[in-house]
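Quick notes on the structure that follows.
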Amino acid sequence: MRSRSTPIQLLKLTVFVLLAITITLASLLPSKQSFLLFLSHHKLLLFSLLWCKLVALLAYARARPLPVYLLDFSCHKPGPESRGSYEICEYFGRRSCQHSAESEAFMRAIYRKSGLGDETYAPPFIFQTDYKAKFQYAILEAEDGMFSCVAHLLAKTDVDPSRITVLVTACSMFSPSPSLTSMLVQRFKLSPSVKTFNFSGMGCSAGTMSFDLAAKILRRQVGYALIVVTESTSLNWYFGDNRHMLVTNCIFRAGTAAALVTSDPAQRERAKMEVVRTLRTHHGADDAAYNAAIQMEDEDGHVGVALTKDLVRVAGVGLRNHISRLAPRVLPVSELLRYVYNVARSFLAGDRKAVHVPDFTTAFEHMCIHAGGKAVIDTVGRLMKFEEEVVEPARMCLHRFGNTSSSLVFYELAYFEAKGRIKSGDRVWMLAFGTGFKACSVVWRALRDSRIDPDNPWKDCIHRYPVSI
């Protein structure tokens, strides 16, 4: 099937053809004076060339991609009554009488080395007396996070809900009917013309992929896109004894974030950052990558998400493939040349097993790295040869909030803002992985210095971070 040419490609072809005609005419004539004399005697041809070039340039100016800005974002921070400390989680596990003594000991060991602190937030059903993962608790968790985030965001940006043209929600493990986007449309009375998209089953990469989708839509027309990313752990707590599936109970926690992006040029002065580039890669064709993290039933019929031992290796392979595509687009020429030189030198020396990694700190001042777990952060840091200060925000985010799935990169961005580290002109790299196996990057450029907002989730504890883990 032949692919259709885009308007930009057609306009580029038109300009190229007109330029080729001009150069051909100039080359066929003996001198510049002859060329000008030829045009002066053929005014219709001259007028036609100038008119076509002008139309092509104006059409290109109208059809070129619009810049996309991050107007603002908000992260949900539940109340202290939702704290999911180690003692609360262990108490819930024992009182539910759903796990064997061996499984309780296993979860205790995983939790202690997970990198999570005692101030993460647990789903609502954990604090009920029936110890059942019910649909009503999943709805309560989704509404509490989404409605709170969006209300704060709209208040901060002073954007009327009727101006929102695109709505994207992401929740991997919970897809009710009516959908999450319908819940938001009903709650905030969005316009009937709003275009809605629901991401499910995308794993922790759904947050960055939502930015990718919204940016592609907004680059074609002026509008506002509301992105809401959450995860429902209420219906996905695992009550069996399969160790691969018990890990999710220990690291996943409640969290939600919302962001407002726009392609309205008038909002540039108010925006925090501008989208520079997005990149998505999918490695699901490989069986190991596809099965590295998968929802399934255990031997006793209990449903849960199995995180296999191959997950860390798969993440490493996926990361190498992803950065090999990203590097030529973001790294400075000097770093690319240094990388090629090191690879060539090792090859000529006969050391074909040497692994060379470009220095991505030359391309980005700040990095929001996937905080899916301590082992994942360690793997990314080792493969990319990052200093500890680079992975610090990811470790602190995991410690304070746990793995909040697709919203975790927002909590990391909030960490940078709370620390006041982002300065105007700085480049920020968001990197997240998802089930399937997927990787997604979003590259931003800061438009102004960061400051801590009143609703920043780190506001009351940032003075205690970083901490030793």
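Placing a label point 7 Å from the Cα of residue 64 along the Cα-to-Cβ direction, the residues of segment 210-244 whose backbone N falls under 19 Å of that point are 216-223. Distance from the alpha carbon centroid of segment 329-368 to that of segment 157-211 works out to 39 angstrom. Shape analysis of segment 91-189 based on the Cα gyration tensor places the equivalent ellipsoid semi-axes at 35, 16, 11 Å, largest first.
Within the shell of other residues whose beta carbon sits under 14 angstrom from the beta carbon of residue 135, the net charge comes to -1, with Lys and Arg scored +1 and Asp and Glu -1.
Computed from Cα atoms, the angle from the helix 32-41 axis to the main principal axis of the chain rounds to 80 degrees. Based on protein heavy atoms only, the chain ends up with 49 Å² per residue of surface accessible to a 1.4 Å probe.
DSSP beta bridges fully contained in the chain are about 70 percent antiparallel.
Legend: calculated FRET efficiency, residue 459 to residue 424, from the Cβ-Cβ distance at R0 = 30 Å, rounded to 0.05, equals 0.85.
Solvent-accessible area of segment 233-322 (1.4 angstrom probe, protein heavy atoms only): carbon and sulfur portion equals 50 percent.
Put the Cα centre of segment 268-308 next to the Cα centre of segment 397-441 and the gap is 15 Å. When the pairs 374/423; 423/459; 216/385 are compared against a 23 Å limit on Cα-Cα distance, 374/423; 216/385 fall above it. Sorting 147, 197 by solvent-accessible area of protein heavy atoms yields 197, 147, largest first, with a 1.4 Å probe. Using only side-chain charges placed at the Cβ, +1 for Lys and Arg and -1 for Asp and Glu, the dipole size of segment 214-373 relative to its Cα centre rounds to 940 debye.
Ligands, DNA and RNA left out, the 1.4 Å accessible surface of segment 355-395 is 50% carbon and sulfur atoms. Quick one: if the Förster radius is 60 Å, what FRET efficiency do residue 127 and residue 353 give, using the C-beta to C-beta distance and rounding to 0.05? Plugging the Cβ-Cβ distance into 1/(1 + (r/R0)^6) gives 0.70. Considering only Cα atoms, the convex hull volume of the chain works out to 207 Å³ per residue. Between the Cα long axis of helix 206-218 and the first principal axis of the chain there is an angle of about 30°, rounded to the nearest 10.
Annotation: amide H of residue 223 within the under-5 Å range of 263, 264, sequence separation 5 or more or interchain, hydrogens built in the peptide plane.
Once C-alpha pairs closer than 8 Å and six or more residues apart are averaged by separation and normalised to the residue number of the chain, the relative contact order reads 20 percent. Work out the charge dipole of the chain with +1 on the Cβ of Lys and Arg and -1 on the Cβ of Asp and Glu about the Cα centre, then indicate which of 116, 249, 339 is farthest towards its positive end. Final value for the positive-end residue is 339. Overall, the accessible surface of segment 126-175 at a probe of 1.4 angstrom is composed of carbon and sulfur to the extent of 51 percent.
Placing unit charges on each Cβ (+1 for Lys and Arg, -1 for Asp and Glu) gives segment 215-346 a dipole about its Cα centre, and among 293, 239, 271 the Cα reaching farthest toward its positive end belongs to 271.
The values are calculated or read from the model by the stated rules, or taken from the named source; none is laboratory data. The structure displayed is predicted, hence computed values, not measured ones. Neighbour counts are summed over all protein chains in view; Cβ atoms, including those assigned to glycine, are modelled from backbone coordinates with ideal geometry. The protein model used for the area step is the full one, side chains on, heavy atoms only, and it has no ligands, DNA or RNA in it. Shrake-Rupley method; radii C 1.70, N 1.55, O 1.52, S 1.80 Å.
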